[in-house]
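K.L.:
Handing you this structure, nothing more for now.
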Amino acid sequence: MDIPRLAQPILEDVSTSLGETCHLGTLEGDRIRFLAVAEPDVAVRVASRLGKSYPAHCTSTGKALLAELSDEQFLRLYPNEQLEAITENSLTTRAALTEQLSKTRLDGYAVNRQESEEGVASVAVAVPVSSGLRLAINASAPVHRLPARKTKLMDPQGPFAPADAMAPENQCGKGDPLPYKQPPEGLFPDVREANTDTD
């Protein structure tokens, strides 16, 4: 199954709806690799991370997928308490990561606030895939366009929850339209207007 090809129309639709850069990522050990991307037609946006690999605990995409692991699988990936930091906001202990993953499970989505790159925030949800692959979709924005309070508006079945959209029966161009809803109003400000929100 050509995952990037199947994902591209989904990413394009979500990126257009949100006005932000959207990625599809997969878990590779304790790292996340980005397989596909869609970028909005706006001047100020998060740059593509296509093909790049990051520590999973430093990204919303990675945390969305780590939250789906069993305790045994998680401890195999993170046998040590100390974690690599790539910004001053990165999680640096397994205990802190465990706490965030518990919140991710409750909320249904994962959040990254300048943990993988200064000035960038993101929200991600895991994608249920019948093949057993571990995939997640994120939306990334300049941090001023995604203040912390706005992530609370996230509906885990809403803006980019493609509900088996990559399963063979839901492949792009076949069957019913892709089953995800429009983003909740106010999740991301209109990028065409000046925005003065802060964290």
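K.L.:
Out of the residues in the range 86-102 that are exposed (fewer than 15 other Cβ atoms within 10 Å of the Cβ) and charged (D, E, K, R), which is farthest from Arg45 (Cα to Cα)?
P.N.:
Glu99
K.L.:
Across the range 27-51, which residue is surrounded by the most Cβ atoms within 10 Å (Cβ to Cβ) among those that are at pLDDT 90 or above and either polar (S, T, N, Q) or not in a strand (DSSP E or B) (or both)?
P.N.:
In this case the residue turns out to be Asp30.
K.L.:
Something else about it: Among the residues of the range 133-150, are any within 17 Å of Leu35 (Cβ to Cβ) and exposed (fewer than 15 other Cβ atoms within 10 Å of the Cβ)?
P.N.:
Pass one, the range 133-150, residues within 17 Å of Leu35 (Cβ to Cβ): 133-140.
This time we only want the ones that are exposed (fewer than 15 other Cβ atoms within 10 Å of the Cβ), so: 133.
So far as the range 133-150 goes, yes, one or more of its residues are within 17 Å of Leu35 (Cβ to Cβ) and exposed (fewer than 15 other Cβ atoms within 10 Å of the Cβ).
K.L.:
Still on this structure, please answer the following. Quick check on Gly19: is it buried (at least 16 other Cβ atoms within 10 Å of the Cβ), of a type in the set (Gly, Ala, Ser) and under 14 Å from the mean Cα position of the chain (by Cα)?
P.N.:
Numbers: buried (at least 16 other Cβ atoms within 10 Å of the Cβ): yes; of a type in the set (Gly, Ala, Ser): yes; under 14 Å from the mean Cα position of the chain (by Cα): no.
No.
K.L.:
With the requirement that a residue be more than 25 Å from Ala47 (Cα to Cα), in contact (Cβ under 8 Å) with a residue 24 or more places away in the chain and over 12 Å from the mean Cα position of the chain (by Cα), what does the range 103-119 give you?
P.N.:
Within the range 103-119, Arg105, Asp107 meet the criteria.
K.L.:
Filter the range 105-130 down to the residues that are touching a Pro at 6+ places or on another chain (Cβ under 9 Å), outside any loop (DSSP other than H, G, I, E, B) and surrounded by fewer than 24 Cβ atoms within 10 Å (Cβ to Cβ) and list them by number.
P.N.:
Asp107, Val120, listed by residue number.
K.L.:
So which residues in the range 63-90 are closer than 26 Å to Ala7 by Cβ, outside any loop (DSSP other than H, G, I, E, B) and either touching a Leu at 6+ places or on another chain (Cβ under 7 Å) or among the hydrophobic types (A, V, I, L, M, F, W, C) (or both), if there are any at all?
P.N.:
Selection gives Lys63, Ala64, Leu65, Leu66, Phe74, Leu77.
K.L.:
Give the residue, chosen from Leu133, Leu101, that is in a helix (DSSP H, G or I) and among the aliphatic types (A, V, I, L, M).
P.N.:
Leu101
K.L.:
Continuing with the same structure: Of the residues Val123, Val143, only one is modelled with pLDDT of 90 or more and either among the β-branched types (Val, Ile, Thr) or in contact with a Gly (Cβ under 7 Å, 6 or more places away or on another chain) (or both); which?
P.N.:
Answer to the selection: Val123.
K.L.:
Of the residues Glu39, Glu20, Glu72, Glu88, which is over 18 Å from Val143 (Cα atoms) and of a type in the set (Asp, Glu)? Don't jump to the end; show me each part of the working.
P.N.:
Working: Glu39 fails: over 18 Å from Val143 (Cα atoms); Glu20 fails: over 18 Å from Val143 (Cα atoms); Glu88 fails: over 18 Å from Val143 (Cα atoms).
The unique qualifying residue is Glu72.
K.L.:
I'd like to know if the range 3-14 contains one or more residues that are among the polar types (S, T, N, Q) and in a strand (DSSP E or B). Outline the logic, then answer.
P.N.:
Step one: list which residues in the range 3-14 are among the polar types (S, T, N, Q), which gives 8.
Applying the additional criterion that residues be in a strand (DSSP E or B) yields none.
The answer is no; no qualifying residue exists.
K.L.:
Separate question: Could you please find all residues in the range 22-54 being touching a residue at least 60 places away in the same chain (Cβ under 8 Å) and more than 15 Å from the chain's Cα centre (by Cα)?
P.N.:
The answer is Pro40, Val42, Val44, Arg45.
The values are calculated or read from the model by the stated rules, or taken from the named source; none is laboratory data. Every value quoted in this text rests on a predicted model; they were computed, and no experiment measured them. In this analysis, Cβ positions are derived from the backbone assuming ideal geometry, glycine residues included, and neighbour counts consider all displayed protein chains.
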